[in-house]
1. Which of the residues belonging to the stretch 69-99 are open to solvent by 20 Å² or more (accessible area, probe 1.4 Å), over 24 Å from residue 29 (Cβ atoms) and in contact (Cβ under 8 Å) with a residue 12 or more places away in the chain?
2. Where in the stretch 211-314 are the strands (runs of 3 or more DSSP E), entirely inside, with at least 3 residues that are within 29 Å of residue 157 (Cβ to Cβ)?
3. Condition first: under 21 Å from residue 216 (Cα atoms), within 11 Å of the ligand (Cβ to nearest atom) and touching a Phe, Trp or Tyr at 6+ places or on another chain (Cβ under 7 Å). Can you find one or more residues in the stretch 67-80 that meet it?
4. Can you name every residue in the stretch 170-225 that is within 19 Å of residue 128 (Cβ to Cβ), open to solvent by less than 10 Å² (accessible area, probe 1.4 Å) and of a type in the set (A, V, I, L, M)?
5. I'd like the full set of residues that are open to solvent by less than 40 Å² (accessible area, probe 1.4 Å) and under 23 Å from the mean Cα position of the chain (by Cα), limited to the stretch 232-269.
6. Might you check whether a residue that is over 22 Å from the mean Cα position of the chain (by Cα) and more than 25 Å from residue 183 (Cα to Cα) occurs anywhere in the stretch 76-83?
7. State which residue is farthest from the ligand (Cβ to nearest atom) when the search covers only the stretch 171-182 and only residues that are within 12 Å of residue 210 (Cβ to Cβ) and of a type outside the set (A, V, I, L, M).
Amino acid sequence: MSLNDITEGSLMRVFITGASGHVGSALVPELLQHGHSVAGLARSDAAAARLTDWGADVVRGDLDDADDLHAAAQAADGVVHLAFRHDAMQAGDLTGAAETDLAALRAIADALAGTDKPLVGTSGTGLLALASLGRMGTEDDTVPGGYRIDAENFVIDLADKGIRSSVVRLPPITHSTLDHHGFVPSLITFARQNGFAAYVGDGSNRWPAVHTVDAARLYRLALESAAAGTRLHAVGDEEIKFRRIAEAIGRGLDVPVRSVQAEEAGQYVGFLAPFVALDNPTSAARTRKLLGWEPTHQGLLDDLADGHYFRTAV
Ligand SMILES: NC(=O)c1ccc[n+]([C@@H]2O[C@H](COP(=O)([O-])OP(=O)(O)OC[C@H]3O[C@@H](n4cnc5c(N)ncnc54)[C@H](OP(=O)(O)O)[C@@H]3O)[C@@H](O)[C@H]2O)c1
């Protein structure tokens with residue numbers, strides 16, 4: 001924190017939904033270390049205790065409660081929306097999870113409209129794979145609508161409603177020792193169960209990735225200075241062949257690596273079957289230029305080689 005931050009009044013009281021989750025566990029310290037204060041939404045005593053331990057204030061409530069979200073957003077200088085009902089999504093209620101997400105965003109937007117305060121939303125680079133671009137995806141690539149894409153487009157359109165809105169697209173793999181239930185722990189669990197690490201076809205499809213701490217820094221930069229209506233890519237590794245990821249998991253578990261057919265992927269990688277064959281090379285060149293963001297933490301393959309994932313994933 002510099003004296004300039006204080007004198008220019010750029011320090012914010014930030015309301016974060018999903019503050020107790022994986023990305024939140026890096027974002028809360030990142031904001032506090034830069035002099036901001038944080039109020040995090042917590043739906044349980046355990047989440048509230050985590051936030052208190054990290055030095056954040058607690059807003060008790062649920063993503064479903066529009067009034068609570070509205071009040072918390074109104075009391076803040078800026079909002080980061082990370083929470084998502086992954087439990088509902090994994091139970092098959094994709095529509096319910098997406099509807100809750102949009103309703104929560106509407107409540108927050110209603111509180112911020114006309115204030116020029118920042119709102120940073122969350123999306124995924126995976127939407128670019130669904131667009132079948134046939135090249136590296138960029139921040140300028142958009143998709144008119146779809147699952148979770150509607151929420152991205154909703155947040156971007158808030159630029160016309162007096163909100164300094166931006167969206168961070170996260171890659172399918174956000175990795176670090178803070179990651180306990182993302183795609184990497186799931187892939188490791190499936191490989192352990194199968195006795196081999198799977199990839200689809202020749203495994204040449206590419207995934208982007210980012211270290212959690214680098215992603216958290218991008219959320220802070222977006223909050224502090226992204227222009228209204230900006231899409232940002234939290235991408236460190238722009239393109240890793242999926243086969244390399246499977247090989248790293250195979251080495252970590254000391255199990256073989258095997259190609260499977262797309263049609264049988266569900267048998268080996270469960271709920272990840274729709275994702276493992278996606279080709280999702282993604283550039284963050286524009287994000288780096290716009291905000292001066294540089295990922296400084298290790299890439300995915302080095303993080304896997306460190307071994308921590310194989311000691312903690314069950
Ligand atoms: N991590 C990735 O690799 C990745 C990739 C692409 C996109 N994303 C997106 O990035 C965002 C953050 O991801 P993450 O990895 O940090 O997720 P996470 O670890 O699963 O955390 C989700 C957060 O949302 C909260 N939450 C869930 N349902 C809630 C509800 N009904 N009411 C209030 N809070 C609720 C959770 O609270 P509890 O602590 O109480 O559970 C937790 O704080 C999500 O939107 C996710 O879909 C993540």
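1. Of everything in the stretch 69-99, those that are open to solvent by 20 Å² or more (accessible area, probe 1.4 Å), over 24 Å from residue 29 (Cβ atoms) and in contact (Cβ under 8 Å) with a residue 12 or more places away in the chain turn out to be 70, 71, 74, 85, 90, 94, 98.
2. Working: elements: 230-233, 237-241, 257-260.
In the stretch 211-314, 230-233 are the strands (runs of 3 or more DSSP E) which contain 3 or more residues that are within 29 Å of residue 157 (Cβ to Cβ).
3. yes
4. Matches in the stretch 170-225: 173, 209, 210, 215, 218, 222.
5. Passing the criteria: 232, 233, 234, 235, 236, 240, 242, 245, 246, 248, 249, 269.
6. As a first pass, look at the stretch 76-83 and keep what is over 22 Å from the mean Cα position of the chain (by Cα): none.
Looking for residues that are over 22 Å from the mean Cα position of the chain (by Cα) and more than 25 Å from residue 183 (Cα to Cα), one finds none in the stretch 76-83, hence no.
7. 176
The values are calculated or read from the model by the stated rules, or taken from the named source; none is laboratory data. Since this is a predicted model, take the numbers as computed values, not measurements. Glycine gets a Cβ as well: all are built from the backbone with ideal geometry, and neighbour counts include every protein chain shown. Each accessible area value is taken on the protein alone, full model and side chains, heavy atoms only, with ligands, DNA and RNA left out. Shrake-Rupley method; radii C 1.70, N 1.55, O 1.52, S 1.80 Å.
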